[in-house]
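The values are calculated or read from the model by the stated rules, or taken from the named source; none is laboratory data. For clarity, every value in this text was computed on a predicted model and none was experimentally measured. When we count neighbours, we look across all protein chains shown, and the Cβ atoms used for this are built from the backbone with ideal geometry, even at glycine.
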Amino acid sequence: MTSATAGSPGTTRPDPAPYQRPGGFPVVGVVGGGQLARMMQPAAVALGLRLRVLAEGPDVSAAQVITPAPVGAAGDVEALRAFAAACDAVTFDHEHVPAEGLRAMAELTSVQPGEAALVHAQDKLVMRERLSALGVPCPRWAPVAGRADVEAFAADAGWPVVLKTPRGGYDGKGVLVLDGPDDTGWATADAWFADWAGRGPLLAEEHVAFVRELAALVARSPSGQAAAWPVVETVQRRGVCHEVTAPAPDLDPGLAAQLTDVALRIAGGLGVTGVLAVEVFEVERGGRREVLVNELAMRPHNSGHWTIDGSVTSQFEQHLRAVLDLPLGGTAARAPWTVMVNVLGPDAVEPRHEDLYRSYLHVMAHDPDVKVHLYGKEQRPGRKLGHVTAYGEDLDTVRARARHAAAFIAGEIDE
């Protein structure tokens, strides 16, 4: 038995039996078994959908709560092909599926976002070229193939220079700040140039002196419907998103509208389907505030975790709606302020709270209104173990509650 593939007219694929579709509701596959796939499960249940996940291993975060969860690598084309054949649509927990695998799945089912859009989240040079062509404000940048290119770029943009690997970097990985020609980081830079020789140049960007970091989260469906959440403020810790405040405090309404427009323009210009996170720097130039686009993510994103508890429609529900071209949900905030704080693995060799469940119970008893989301991961220094969310009328109070809960679970405090 075969059925038509959404988004691929005339293409047929095997029916996903024996995976049943109660009431005819579709099966959505997620490539990658991390916490993003895990957090899609409650949204899928609420929408009546069936999720499958292609997991990196049998015990990864999403595989603990989603079945079936066949094990397969994102670079294994045959595993991707078999997985796609049992799904009505496929989406992603991460952007690291090679183009060959994306094309193989697209022959069998609807892949959202598709290869043409996803490449802009996979390759930072491709992203910069396309955003510049769309007139999107970005930091000054240039492709660089060696030390001489970096120094030539610095002669125009100034030191420090931010050097990035075009592919594979996330959460601060693949990013190097060079303060000048004698920086000790050149040993790493030279190793990167050697490793990338034959694969193309690296990316050099100006080091932006920003006031703060913001993120605009939007969603777009294949039919072109789009929705946007309030712009948020993000705070990083060692290159990892640590805290998100929604909406961004003291943000000029005109600048917020401009940033939302930029995010929607990017989503339309790149043909994005699903959630798009646009991370930006807020800068002050010539006595006025502006924004410069830093990174893109074409999937649910850390800056949108607050929406699970703080928005009418969470980013995970919205992403699934968009992937299936369902009408998008409302994005209004449920409270004046929502603060999300990540629970990061402690730096200490022996964590203060080895039993996360016990610390979780303490937080629930201390503040019954705080929402705790843990990802089923073993503790490692700096690892995202979960997040907590608080919301309410007073920002200072909400922020203090979220920070205390996260710090206690992470073992940073013990009372």
Tell me which of these A86 doesn't satisfy, since it passes every other one: (1) assigned by TED's automatic domain parsing to the domain that holds G29; (2) closer than 28 Å to K384 by Cβ. (2)
Could you pull out the residue among V119, V77, V27, V53 that is in contact with a Pro (Cβ under 9 Å, 6 or more places away or on another chain), surrounded by fewer than 22 Cβ atoms within 10 Å (Cβ to Cβ), closer than 22 Å to V272 by Cα and of a type outside the set (K, R)? V27
Say we look at the range 203-228 and pick out the residues that are closer than 28 Å to V144 by Cβ and buried (at least 19 other Cβ atoms within 10 Å of the Cβ); which of these is nearest to the chain's Cα centre (by Cα)? A215
Residue among A148, A155, A142 that alone is in contact with a Phe, Trp or Tyr (Cβ under 6 Å, 6 or more places away or on another chain) and either part of a strand (DSSP E or B) or not assigned by TED's automatic domain parsing to the domain that holds E282 (or both): A142
Inside the range 241-350, counting only strands (runs of 3 or more DSSP E) that do not spill past its ends, which hold 3 or more residues that are more than 18 Å from the chain's Cα centre (by Cα) and over 28 Å from A407 (Cβ atoms)? 274-285, 288-297
Are any of the residues in the range 347-362 in the same structural domain as L270 (by TED's automatic domain parsing) and among the aromatic types (F, W, Y)? no
L176 meets each of (1) within 22 Å of the chain's Cα centre (by Cα); (2) buried (at least 20 other Cβ atoms within 10 Å of the Cβ) with one exception, condition (2)
Filtering the range 368-415 down to residues that are over 22 Å from the mean Cα position of the chain (by Cα), surrounded by 17 or more Cβ atoms within 10 Å (Cβ to Cβ) and in a loop (DSSP other than H, G, I, E, B) yields V370, G411, E412
Taking the range 280-289, which residues are surrounded by 17 or more Cβ atoms within 10 Å (Cβ to Cβ) and more than 19 Å from V126 (Cβ to Cβ)? F281, E282, V283
